[in-house]
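Enquirer: Handing you this structure, nothing more for now.
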Amino acid sequence: MVNMQVDFCGIPFKNPVSTASGTYGFAIEYGSFVPVEDLGSVTTKGLTLQPRQGNPGIRVVETPAGMLNCIGLENPGVDAFIQDILPRMRDRLAASDTKIIANISGNTVDEYARMAEKLAACPDVALLEVNISCPNVRAGGMAFGTSCSQAAAVCQAVKGAAGQPVLMKLSPNVTDVVEIALGLQEAGADGLAMINTLMGMVIDVDKRRPVLGNVTGGLSGPAIRPVGVRMVWQVAQAVDIPILAMGGIDTARDALEYILAGARMVSVGAAAFADPLAPMQVVEGLRAYCEKYQVAAITDLVGAAWKEDTGGN
Ligand SMILES: Cc1cc2nc3c(=O)[nH]c(=O)nc-3n(C[C@H](O)[C@H](O)[C@H](O)COP(=O)(O)O)c2cc1C
């Protein structure tokens, strides 16, 4: 029997696998076709203070080993989430103890704090994941995640209002990710989520125009995994707070790279578009790996690649 349970920011998760924000809706859309209750947690689509329609024009395009998106944070807004969606998520997930992580995005520091305050009154939300790194929102989204002082300002404001532990979601579109991570730890972040998408662009050579309506978009999928693993490796050795890792996780072996690099939990993102069962298969694959190598607890593997005796072969 492998112990798959993970303590993350003081919260017990039955296993270390979540869905990545924006790639699984609110997890209830799949109805009874997908056993989301087998996951340790699900992460919501990015919520904003007001409802958003997202960007016009083409929003997704496939790229080699990945995809670009510029959805633009289409969502019903935090109030509609609390009133209409969260109760349905609770009904579906509470009995199986699958936790809910709410992902939030703001145009201003104050907006982040107001959303955290509203969600503080929701005991069904286990953790807040604060997106300071979405590259698709023209007003400020990028600036927060790429500046140490701005990122810290958001973190402090959210911490001041939040009722749940706060994960700050890092942008990979920076020169020194460790500097930002250390600044967020100092600003009071309880944990880090990483990585968000890498900024990219595709041009239609026949039309001689950018493919995406927003011109640029965020790159996700296996193409970004080596970047994510490298960043988790660097950050995990520099900070004392736990990491929820994502970026190109399709299989359990991909998730293991992140765990061995120092992540305590993992999220499956774009892979779920091709196969909605991918996150559950990651849970089963992690369990099978532990059985094969006689690892008693999944947490024994956290950071094992940079610790002296890995026990691997
Ligand atoms: C279509 C799409 C929408 C996304 N929306 C959000 C979002 O609302 N908030 C957020 O923090 N990240 C969002 N992301 C980023 C993912 O949560 C994840 O960090 C990123 O895609 C890397 O993981 P992956 O390669 O497994 O997809 C989105 C990604 C995709 C592909």
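Enquirer: Quick one: putting +1 on the C-beta of Lys and Arg, -1 on the C-beta of Asp and Glu, what dipole do you get for segment 1-61 around its Cα centre, in Debye to the nearest 20?
Expert: Values: 4 positive and 4 negative charges, 61 e Å.
In debye, rounded to 20, segment 1-61 gives about 300.
Enquirer: Going by accessible area, probe 1.4 Å, with all protein chains left in place, what is the ranking of Met194, Met1, largest first?
Expert: On the way: Met194 0, Met1 225 Å².
Accessible-area ranking of Met194, Met1, largest first: Met1, Met194.
Enquirer: List every residue whose amide H lies under 5 Å from the amide H of Met199, counting only residues 5 or more places away in sequence or on a different chain, with H placed 1.01 Å from N in the peptide plane.
Expert: Those qualifying (amide H under 5 Å, at least 5 residues apart or on another chain) are Leu219.
Enquirer: Sorting Asp300, Asp176 by accessible area (1.4 Å probe), largest first, what list results? It would help to have the intermediate numbers written out before the result.
Expert: Numbers: Asp300 95, Asp176 70 Å².
From most exposed to least exposed: Asp300, Asp176.
Enquirer: Counting helices only, and only those DSSP H runs with n ≥ 4, report the 222 nm mean residue ellipticity of the chain as the sum of -39,500 (n - 2.57) divided by its residues, in deg cm²/dmol to the nearest 500. Please report the intermediate quantities before stating the final value.
Expert: On the way: 9 runs with 91 residues, N = 313.
For the chain, the value works out to -8500 deg cm²/dmol.
Enquirer: Add +1 for every Lys or Arg and -1 for every Asp or Glu among the other residues with Cβ under 13 Å from the Cβ of Val42, and state the total. It would help to have the intermediate numbers written out before the result.
Expert: On the way: positive: Lys14, Lys45, Arg88, Arg90, Arg92, Lys99; negative: Glu29, Glu37, Asp38, Asp97, Asp124, Glu129.
Charge balance near Val42 sits at 0.
Enquirer: Now, a different point. Assuming R0 = 41 Å, can you tell me the calculated FRET efficiency for the pair Ser147 and Asn3, based on Cβ-Cβ distance, to the nearest 0.05?
Expert: On the way: r = 40 Å, r/R0 = 0.98.
The formula returns an efficiency of 0.55 here.
Enquirer: Straight distance only, please: which lysines reach the Cα of Lys118 with their own Cα at less than 20 Å, same-chain residues fewer than 8 apart left out?
Expert: Lys45, Lys99, Lys159, Lys169
Enquirer: For the pair Tyr293 and Leu277, how long in nm is the line joining their label points, each one 7 Å along Cα→Cβ?
Expert: According to this spin-label approximation, the distance is 2.6 nm.
Enquirer: May I pose another question? Would you mind calculating the gained length between Arg230 and Asp84 on full extension (0.36 nm times residue separation, minus the Cα-Cα distance), in nm to one decimal? Display every interim value, and only then the final one.
Expert: Numbers: separation 146, 0.36 × 146 = 52.56 nm, distance 3.92 nm.
Here the segment from Arg230 to Asp84 would lengthen by 48.6 nm.
Enquirer: Now for a separate question. Which of the listed residues, Leu244, Val6, Ala95, is farthest toward the dipole's positive end in the chain, when Lys, Arg count +1 and Asp, Glu count -1 at the beta-carbon?
Expert: Leu244
Enquirer: Sticking with this one: With springs only between Cα atoms under 10 Å apart, run a GNM on the chain and tell me which of Phe273, Phe144, Phe81 wobbles the most.
Expert: Greatest mean-square fluctuation among the candidates belongs to Phe273.
Enquirer: Follow-up question, since we're still on this one. Using the crude model of +1 on Lys and Arg Cβ and -1 on Asp and Glu Cβ, and no other charge, please compute the dipole size for the chain relative to its Cα centre, in debye to 20. Walk me through the numbers before you get to the answer.
Expert: Details: 23 positive and 31 negative charges, 122 e Å.
Approximately 580 debye in magnitude.
The values are calculated or read from the model by the stated rules, or taken from the named source; none is laboratory data. Because the structure is a prediction, the values reported are computed rather than measured. Cβ: placed from backbone, ideal geometry, glycine included. Neighbour counts: every protein chain shown. To get the accessible areas, we keep the full protein, side chains included, count just its heavy atoms, and leave off ligands, DNA and RNA. Shrake-Rupley method; radii C 1.70, N 1.55, O 1.52, S 1.80 Å.
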